1. Which entries of LYS24/LYS71; LYS73/LYS131; LYS110/LYS147 have Cα-Cα distances beyond 25 Å here?
2. Taking the simple approach of a point 7 Å from Cα along Cα-to-Cβ for both ASP3 and MET109, what is their distance in nm?
3. Starting with the fewest neighbours, write out ILE4, ILE66, ILE135 ranked by other beta-carbon atoms found within 10 Å of each beta-carbon.
4. Evaluate E = 1/(1 + (r/R0)^6) for ILE66 and ASP117, where r is the Cβ-Cβ distance and R0 equals 41 Å; express this FRET efficiency to the nearest 0.05.
5. Before anything else, pin down the relative contact order of region 98-159: Cα pairs under 8 Å, at least 6 apart, normalised by residue count, whole percent.
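FYI, it's all coordinate maths here, none of it is from the lab. None of these values were measured; they are calculated from a predicted model. Heads up, the Cβs are rebuilt from the backbone with ideal geometry, glycines too, and the neighbour counts pull from every protein chain shown.
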Amino acid sequence: MIDISKQLIESRSALEAFANSLTKNVDDAADLFQETSYKIINNSDKYNVGTNFKAWSYTIMRNIFINNYRKKKRRNLLVDSTDNNYYLNTNQTGISNAGESKMAFEEMMKLVNSLSDDFKVPFMMRYEGYKYDEIADELGLPLGTIKSRIHFARKKLKEMIEVNIK
């Protein structure tokens with residue numbers, strides 16, 4: 001029977017270096033090494049004698065790192081590097097200003113209303129949630145014509161927005 005603790009001690013420097021290369025942070029690397037060591041000792045019965053201990057331990061460490069990364073990503077965890085730590089791990093975003101968005105919507109609607117009916121009607125129907133084929137049936141026009149008019153309406157609106165910004 002192999003002594004897992006002895007193998008772990010012999011592999012310590014290599015595992016710590018691997019942890020540093022994964023995390024790029026000394027404290028996180030120490031935590032990763034500690035968690036890996038715990039798993040190696042707890043799962044020593046799953047180690048097959050005669051296989052490469054170092055590869056087995058690297059696989060455990062890599063899997064722990066990936067799982068922790070995925071957990072952090074799912075939680076949308078933010079790391080704050082400011083001195084006061086006030087914003088540490090906040091999940092809040094800036095407060096939106098409804099006045100600005102209402103103003104932008106009204107300006108956009110003025111631009112949409114300035115389009116000719118050939119473009120405005122299919123564009124607004126699509127905006128309201130109609131599917132292309134429903135719009136074509138409703139207006140009695142071919143599907144390709146509807147798609148084309150909506151495309152050109154978007155293109156014209158984009159050009160008008162660019163002109164208004166300048």
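1. Long pairs (Cα-Cα over 25 Å): LYS73/LYS131.
2. So the two model labels end up 8.0 nm from each other.
3. Neighbour counts put them in this order, fewest first: ILE66, ILE4, ILE135.
4. Approximately 0.15, to the nearest 0.05.
5. Value for region 98-159: 35 percent.
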